[in-house]
Structures are given as structure tokens and as C-alpha cells.
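Q: After the C-alpha cells below, expect a handful of questions from me.
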Amino acid sequence: MNGSPHYLDELLFAVFPYMAFFTFFLVTIQRYRMQSFSYSSLSSQFLENQQHFWGLVPFHYGILAVLTGHILGFLIPREVLLFNSVPLRLYFLEVSGLIFALLTLVGLCAAIARRLSESKIRRVTTTSDWVVFVLLVIQVVSGIWVALFHPWGSSWFAATATPYLWSLLKLNPEIQSIAAMPLAVKVHIVNAYALIGFFPFTRLVHILVVPNPYLWRKPQVVRWYRRAGA
Amino acid sequence: MNVRSQISMVFHLDKCIGCHTCSIACKNIWTDRKGTEYMWWNNVETKPGTGYPTQWENQDKYSGGWETHNGDLRLKSTGKGKIVFNIFHNPHQPSMDDYYEPWTYDYQELFNAPEGPDQPTARPVSMVTGELINIQSGPNWDDDLGGSKVYAENDPNLAGLSDEQRAQLSAVERLVFFYFPRICNHCLNPACVAACPSGALYKRGEDGIVLLDQKRCRAWRSCVAACPYKKVFYNWFTGKSEKCILCFPRIETGQAPACFHSCVGRIRYLGVLLYDADRIEEAAKRPPEELVEAQRSIILDPFDPVVIAEARANGVHESVIESAQKSPVYQFVKIWKIALPPHIEYGTLPMLFYVPPMSPVMATKEGNTIDHTSEDLFHDIDESRVPMKFLANLFGAGHEGKVRYALRKQKAVRWYRRAVTVGDVPMSTAEHMLREADSTVEEAEAIYRLTSLCTFDDRFVIPPSHREEAIQMLESPEEHRQSAGFGFLSGPRRGI
């Protein structure tokens, strides 16, 4: 480490993330306020009901599990490292992570194949959908690449990526540990920022409106126009 | 007691001529937009037939409506427990193939085709993909029993009919069918509302109209599967569900909904019913054979001083109570008991009621002299060409009693009027029949008048909406600045 990382690393790991998050917050909030009608998962199950299952179900279960793993590594790195101190547990975590990542990839490929093969589905596919697909493929493939060729990520993530991410959060980015990373890891990180920055312009916003309150609200909904708050 | 008012409906099937004017009126106003071409918020089906979407009554296929499980009501499709696993792919969601792929015709070809030996034709073009398509089926493909081998014979309501009865329905020269116009039932216990994870669907407290908040719908699609009547539709273009709004902008300005207004046969009635909202769940849980009565029991008497007092206390406007007292729906449903809810076994407590249709008697009985003994006066009710069991499957959760009662009373009214106007039946016989049918001369006159001589104002008793009291109007006027109509800044688009 000579203390002065390459300017490209500086740009990609210290400037780009702030641009991405700034866009993310600005546009999602503004879109929610001004164009709440446009917040939709834009489901196309109605137009094609069979392939939909094989694409959407593995993709969603896979990506949710993988994302949960990343968030845990970010929030509780010590506990993850402690868990991994027993090799068997480390193998278990790595293999299950890989399985979920492959599940995501399979689902993603099925979803893309469905969009290409069904003329009705092609009709409702926009440019932003294709950008999302490209970004997601890069993200998942680079993630699987890292898992295969730079193994034990669940441990080194906690030791390198987590401090970097926290430094970003503290508005004092320290990118030395990231600058030394292999290319696949760098691609994975930069592409994640691209995904976050482009997120508010796509159908991905449906993630933000996942209907948790449904699980505890009363089944029937009545709205009164005369009684405020009733 | 928690008294609420509901704008309710009666469709008199004996008067429906199957002209589809209602469907066209609705389509022209509400569903001529992109993504809604395939939707028919109002449609008219031929019964027996498979309807729209195909076999919508087959809940083994669609899993619509409610079921009781260990004494609790729960959705058959995706309630709270199942939605977590089914949100990515709803296993009961119908697809466009269950409805039909909307199409137009390449009319330009008629003008632009190069000169040739054949007449040019306008080939069908899909309104989804814009490509030429080979039309397989469409809405009302089974109109007037068209293709009955494919459609009518697969009507789910034929369950429980004997082979003889089935054969009788389609026997040559004895063919029989009737029309079944359908809109959203604006149910008391709507499955669509209970299924919506976003809380976008809601029932209006003041008049019970079930609406879908377009800005809160996120296309989780649960409503489409949950509604057993398949009257919530998914707009494939905007990614939002849509449904019949009972023309609330018309109702709020004192006009009847478009399908009611345009009804040629004057089969449609609209009026307020007061009901006890605290007893909805209790009523919906009753076993199928008690459901018709259970729903009637929570519809309250608008003349009862206790009900009036409770209604006032609950904020029901004086003018709404008055229109509840004049409601034609109350007469049909609660006083005369000749209007019945469709498929009450689905548990949603629909607030659209049907007067079951009379049908010609069996041809084998033709030429028989009328036997005036009391046992046989109503014989042709049970020997009508449409088997009682079929009507019972539609309007009585499979139980014939309530349907038979409604048909007997209708028949008695006919004989009474025949005695009055034609005079070939002694009045004593007519009165005897009325007694047998649990009716009176006064009631028969009233039924006759509201059925045959009804004016616009008799059929549609629309309560004032009192929008001047709505809190909406007290909100910031900035809220809808630069917007027109119903509050959108821009036309409905797909995504951003």
C-alpha cells in the first residue's frame, strides 16, 4: 500500500457509491411522491403463466437468501467470523451461498428466456427491463465467479468489505482494502452501485413497497370519506 | 349493531333479453383503454354455459372465495399465511388464455391490398402483440348456446344433475337457456379486499362500493385469484388491477350506472340496503344451506325505529335512510324474498341479487289441461325445462328451497294477473295460489307493478352522496393542482 490508490479506484469506490445512493434516495422518494401510480411490480404472469413459475420463483428465493447473507456480513461481521471459525460451518455457509446464487442465476436465465420467447411478454418489456437484466446477470455471474475462484468470501467479506462499507457510511471512505481486491470482486462491487443508482428508474422499486402490514392488518378494508381517521 | 348503508342491486332474469347493451355501455365508458381491451366489467352469459373467464365458477380450478377452516373463515387462494410463499408466482392466477386475447382487424388491408383475383380480407390482429392471430375463442363465444358441446355441457352448475336432466337441457326442440348478466357484486365480505396485500382494495363506508386504489396497487395479483366471480381484472399494460366501480361518478351525481341506465329489458334495480356490519363474519360462516337466510338476517328493516336510531348514530345521513325505505332492492330481497344472491356458497355475501328466471314447461306436459288441485298448481315449477337443481346450484348454494319459493311466488303473481286481465282463471284460484305461494293480493299487485310498470325512478332509488361532507374536499386544494378528472397528473402509463 503506498497510500495513494489509483484515481480510477478512487472514482469507482469513493465517488460512484455516493452518486448511486444520492440518485437512489432522490429519485425513489420523488417518484413515490409524484408518481406513486408507477410503483408496481409490473407482473406479467397474466400474459404467460407456465414459464413464469420456473423463472420467478427460483430467482426470488435465490436472490433473497444471497442478499440476506450480504446484509448479515455487513451488520454482524464478528458473529459471522465466529461462526466460520469451525471449518465445517464455513463449508456449509459457502456451499449454501453458492447454491442460492446458482438458483438465482437459473431463475434469471429462465426469466430472460421467457421474455425473449413469448411475443406477448416481449410486448411489455421495456429498455429499462433489459438494463436491469444485464446488470443482474453481471452481478450474479461475478458473484458466482468470486464464490468459485476466491473462496471463503463469507469470512474475508467480514474482514475487508465490511470495514470499507462502514467507512462509506461514515462519509470517510477508506478504499485501500478494496483497491487490492481481484478484478471479479471489483466488478461485483461497482456493478452493485450501478444497480442501486439505476434502481429507482426501474420496476425494482416494487422491493420498497413489499406489503408487510398485510400480515397483521384486519382482512377487510373500509374507507370513510366523511369521518376523518375513522 | 353497526348499521351501514350499501347501494345494492337486483337483476330480474325473467326480463333479460340478452341484448348486451349493458356490456357495450360499460365498455365504451370504462374499458376501451390499452390493457383493458379484454375486460368486461359487465358481461352477459348464457346459462348453461362456461362463462367468462371460461369456467369461472369452477373453484377447484380457480380457488376463489372463502372456506371455513376450524371454524374460521379463510381465503381459498392466498390468505395471510400463503401469500408469503405465493407472492412471486400466484398458483391460482388465471391467465389471458382463460379470458381471450383481444383483437382488432387489419382494416387498412381492405383499401391498400393490391389488385388481385380475390377480395381482400381484414385479418384479425392481436391487440396485445400487434401480430396477426388465429382467433381461438372470444367473450360470449357460447352466446345462445353456440358450441354447446364445448361450452354448455361443461357448465359447473350441472353438478348434481341426473343424466336425464342433462339430456333434457339440450334435447332437440326442448333446448333451453337463459341469460345471466354479471357485474361486480360489491360484496359485504369481499374476498378481493381481504386478499389485497397492499390494501389497495377497499369498501367505501358510506355506500359499500368496492373500489381499487390505482395508486396503491402494486400488481401482487391476489385479488384476481381471490374473487370467486372473477370480477377483478389485471391490466397487463399498466400493471394494475381494475374492476367495476359501479359508475360511482354517475351515482354521486344522481345518475344510474351506465349498465343500469342503458338496460333495454329494464331488468335492473338499484337501491340502498341497511345492514349490520358487526354480523358479517358470523353470517358468512354459516353452513351453505343457511347462507341465504343468514345474509337476509343481517339486512335490516329501514322502518324499524331501533335501526333508524342506530343508523343515525353511525352517521348514516337522513336522506340515505329515506332512500333505504324506498329501495326496490329491499322489497325484492327482504319483503318478497324473490331475489337471491349468486353462488352464496363462495362466502363473500354478494350484494347483487337475481330474480330467478321462469322457463317454459316441459314439452311433454303440453296440451294437458290445468289441474286446479292445490298439489298440482305449481307442478310446472319443478318440471320446467331448466331443472330446479341447476337454478339451485346458481342461486341457492345447491339447495332448492329458496329458489322454489321465489319461482312459486312469481308464478302465483302471473296467475293472479291472468285472472285480473284475461279472466280465464277464476280469481278464487288465483288467490288460492297466492296463499300457497306465501303471498297476498296486495303483494302480488306490488310485485306486478315494480316488475312490469316500473319507471326510471321506481327502479333506481339513488341516495344522495353528500360529497359536500366528504373529508376529501377539505384536503389541500394543491393536492390535485393541474390535474383533471379523477386526479391523475398524467395518463396511466406502464412504469416510469
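What follows draws every value from the coordinates through simple rules; no lab data is involved. Owing to the predicted nature of the structure, the values given are computational and were not obtained by experimental measurement. Neighbour counts run over all protein chains shown; Cβ positions are idealised from the backbone, glycine included.
Q: Dividing the alpha-carbon radius of gyration of the protein assembly as shown by 2.2 N^0.38 Å (N being the number of residues), what value is obtained?
A: Details: Rg = 30.9 Å, N = 726, 2.2 N^0.38 = 26.9 Å.
After normalising by residue count via 2.2 N^0.38 Å, the value is 1.15.
Q: Follow-up question, since we're still on this one. From zero outward in steps of 5 Å, how is the percent of C-alpha pairs of region A:7-215 spread across the bins?
A: 1, 7, 12, 17, 18, 17, 13, 8, 4, 1, 0
Q: Taking 22 Å as the cut-off for C-alpha to C-alpha distance, list the pairs among B:Lys27/B:Lys231; B:Lys326/B:Lys411; B:Lys337/B:Lys389; B:Lys34/B:Lys230; A:Lys120/B:Lys34; B:Lys27/B:Lys402 that go past it.
A: Violating the 22 Å limit, Cα to Cα: B:Lys326/B:Lys411; B:Lys27/B:Lys402.
Q: Could I have the simple spin-label model distance between B:Met427 and B:Asp304, label points 7 Å from Cα toward Cβ, reported in nm to one decimal?
A: The modelled label-to-label distance comes out at 3.6 nm.
Q: Turning to a different aspect of this structure: What's the FRET efficiency of B:Ser297 with A:Phe53 using the Cβ-Cβ distance as r and R₀ = 60 Å, to the nearest 0.05?
A: Details: r = 43 Å, r/R0 = 0.72.
For R0 = 60 Å, the calculated efficiency reads 0.85.
Q: Compute from the Cα atoms of chain B the Rg and the Dmax, the latter being the longest Cα-Cα distance, and quote both in angstrom.
A: 23.9, 80
Q: Extension gain A:Phe149-A:Phe133, at 0.36 nm per residue separation less the Cα-Cα distance, in nm?
A: Working: separation 16, 0.36 × 16 = 5.76 nm, distance 2.38 nm.
Full-extension gain reported as 3.4 nm.
Q: Taking Cα atoms of region B:275-368, Rg/Rh with Kirkwood Rh, to two decimals? Each step should come with its number before you reach the end.
A: On the way: Rg = 17.0 Å, Rh = 15.2 Å.
Answer for region B:275-368: 1.12.
Q: Which percent of Cα-Cα pairs in region B:384-473 sits in each 5 Å bin, short to long?
A: 3, 12, 16, 14, 15, 14, 9, 5, 5, 4, 2, 1, 0
Q: Using alpha-carbon pairs under 8 Å, 6+ residues apart, how would you state the relative contact order of chain B in percent? List each step's numbers first, then the result.
A: Values: 877 pairs, mean separation 103.8, N = 496.
Reported relative contact order: 21 percent.
Q: Label points 7 Å out from Cα along the Cβ direction at A:Val95 and A:Trp216: separation in nm?
A: If labels sit at A:Val95 and A:Trp216, their model points lie 3.8 nm apart.
Q: Next up: Could you pull out the longest piece of chain B with no exposed loop chymotrypsin sites (Phe, Trp or Tyr not before Pro) in it, calling a site exposed if DSSP puts it outside H, G, I, E, B and it has at most 15 other Cβ atoms within 10 Å?
A: On the way: sites that count: B:Tyr107, B:Phe303, B:Phe486.
Longest run free of exposed loop sites: B:108-302.
Q: Under 15 Å from a label point 7 Å along Cα→Cβ of B:Val84: give me every residue in region A:21-65 with its amide N that close.
A: Hits in region A:21-65 for B:Val84 at 15 Å: A:61, A:65.
Q: Here's another thing I want to ask about it. List, largest first, the extents of the alpha carbons of region B:1-118 along their principal axes, each in whole Å.
A: Principal axes ranked by extent give 72, 42, 28 Å for the Cα atoms.
Q: A further question on this structure: State which helices in chain A qualify, where a helix is a whole DSSP H run, it must extend 20 Å or more along its own axis by its Cα atoms, and its mean Kyte-Doolittle hydropathy must be at least 0.5.
A: Values: long enough: A:16-34 (26 Å, 0.74); A:51-75 (36 Å, 1.10); A:87-117 (44 Å, 1.42); A:127-149 (33 Å, 1.99); A:183-198 (22 Å, 1.57).
Sorted by number, the helices that extend far enough and score high enough are A:16-34, A:51-75, A:87-117, A:127-149, A:183-198.
Q: Something else now. For B:Glu442 and B:Glu468 in the same chain, what is the full-extension length gain: residue separation times 0.36 nm, less their Cα-Cα distance, in nm?
A: Details: separation 26, 0.36 × 26 = 9.36 nm, distance 4.02 nm.
Separation in residues times 0.36 nm, less the Cα-Cα distance, equals 5.3 nm.
Q: If you don't mind, another one. For the pair B:Thr455 and B:Ser162, what calculated FRET efficiency results from E = 1/(1 + (r/R0)^6), where r is the Cβ-Cβ distance and R0 = 35 Å, to the nearest 0.05? Mind dumping the intermediate values first?
A: Values: r = 44 Å, r/R0 = 1.25.
The formula returns an efficiency of 0.20 here.
Q: So how much slack lies between B:Leu175 and B:Thr121, counting 0.36 nm per residue of separation and subtracting their Cα-Cα distance, in nm? The partial results should precede the final answer.
A: Values: separation 54, 0.36 × 54 = 19.44 nm, distance 3.55 nm.
Taking B:Leu175 through B:Thr121 to full extension adds about 15.9 nm, to one decimal.
Q: At q = 0.17, 0.18 Å⁻¹, what is the base-10 log of I(q)/I(0) for region A:104-230 according to the Debye formula with one equal point scatterer per Cα and no solvent? Please give it to two decimals.
A: With no solvent term, the Cα-only Debye profile gives -1.02, -1.08.
Q: Loop only per DSSP, at most 14 neighbouring Cβ atoms within 10 Å: give me the trypsin sites (Lys or Arg not before Pro) in region A:105-182, ordered by residue number.
A: For trypsin sites (Lys or Arg not before Pro) across region A:105-182 that sit outside H, G, I, E and B with at most 14 neighbouring Cβ atoms in 10 Å, the list reads A:Lys170.
Q: Say each of B:Asp97 and A:Arg226 gets a label point 7 Å from the Cα, pointing the same way as Cα to Cβ; how far apart are those two points in nm?
A: 5.0 nm
Q: In region A:170-230, what chymotrypsin sites (Phe, Trp or Tyr not before Pro) fall in a loop by DSSP, with at most 12 other Cβ atoms inside 10 Å? Could the numbers behind the result be given before it?
A: On the way: sites: A:Tyr193, A:Phe198, A:Phe201, A:Tyr214, A:Trp216, A:Trp224, A:Tyr225; in loops: A:Trp216, A:Trp224, A:Tyr225.
Answer in residue order: A:Trp216.
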